[in-house]
């Protein structure tokens, strides 16, 4: 009887340990993707009216991901807020944005960029490039990593 109890206890403990290891392995994979996202990025292209457009040289856009928050310059105004990562899934926002007026077409670019950030559903980091994608897999934003 005592041997069966000991055997049952060891089996249960092994199950708990294996479950913890499996959960940690999944978390490491999500963490790896999230860590690849972290750092400073400069926007190269953004989606507007169904097409990717180059960022205006006179109105650069930046993004810095620090593990829980994103912040940067959206063309004219600064923005910041939370983001969460689940594997390659991402949710950005809500974002706080300063409210300065600026010249056209920089304001039009900024409106599109902020909307694209809010629509991001997944991301892909490939070397020095970050792509934020919508739920259908369409490219919303293309960033280049900023060397630090």
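The values are calculated or read from the model by the stated rules, or taken from the named source; none is laboratory data. Computed from a predicted model, the values in this text were never measured in an experiment. FYI the Cβ positions are ideal-geometry reconstructions off the backbone, even for glycines, and counts take in every protein chain you see.
Only one of the numbered conditions (1) in a strand (DSSP E or B); (2) without any contact (Cβ under 8 Å) to a residue 60 or more places away in the chain; (3) surrounded by 15 or more Cβ atoms within 10 Å (Cβ to Cβ) is not met by residue 91, and that is (3).
Annotation note: of 99, 53, 48, 42, the sole residue that is more than 21 Å from residue 127 (Cβ to Cβ), modelled with pLDDT of 95 or more and surrounded by 12 or more Cβ atoms within 10 Å (Cβ to Cβ) is 53. Residues in the stretch 105-123 that are touching a residue at least 40 places away in the same chain (Cβ under 8 Å) and closer than 17 Å to residue 65 by Cα: 113, 114, 116, 117, 123. A single entry from 104, 135, 148 fulfils the requirement of being surrounded by fewer than 13 Cβ atoms within 10 Å (Cβ to Cβ), more than 13 Å from the chain's Cα centre (by Cα) and modelled with pLDDT under 95: 148. Within the stretch 52-88, the set of residues being farther than 23 Å from residue 34 by Cβ and in a loop (DSSP other than H, G, I, E, B) comprises 55, 56, 57, 58, 59, 60, 75, 76, 77. For residue 128, the conditions (1) in contact (Cβ under 8 Å) with a residue 12 or more places away in the chain; (2) within 16 Å of residue 40 (Cβ to Cβ); (3) surrounded by 14 or more Cβ atoms within 10 Å (Cβ to Cβ) all hold with the exception of (3).
For the stretch 112-124, indicate whether the set of residues that are in a loop (DSSP other than H, G, I, E, B), within 12 Å of the chain's Cα centre (by Cα) and surrounded by 13 or more Cβ atoms within 10 Å (Cβ to Cβ) is non-empty.
There is at least one residue in the stretch 112-124 that is in a loop (DSSP other than H, G, I, E, B), within 12 Å of the chain's Cα centre (by Cα) and surrounded by 13 or more Cβ atoms within 10 Å (Cβ to Cβ).
May I ask you to verify whether residue 36 is at negative phi, outside any strand (DSSP E or B), modelled with pLDDT under 95 and under 13 Å from the mean Cα position of the chain (by Cα)? Judged against the criteria, residue 36 is a match.
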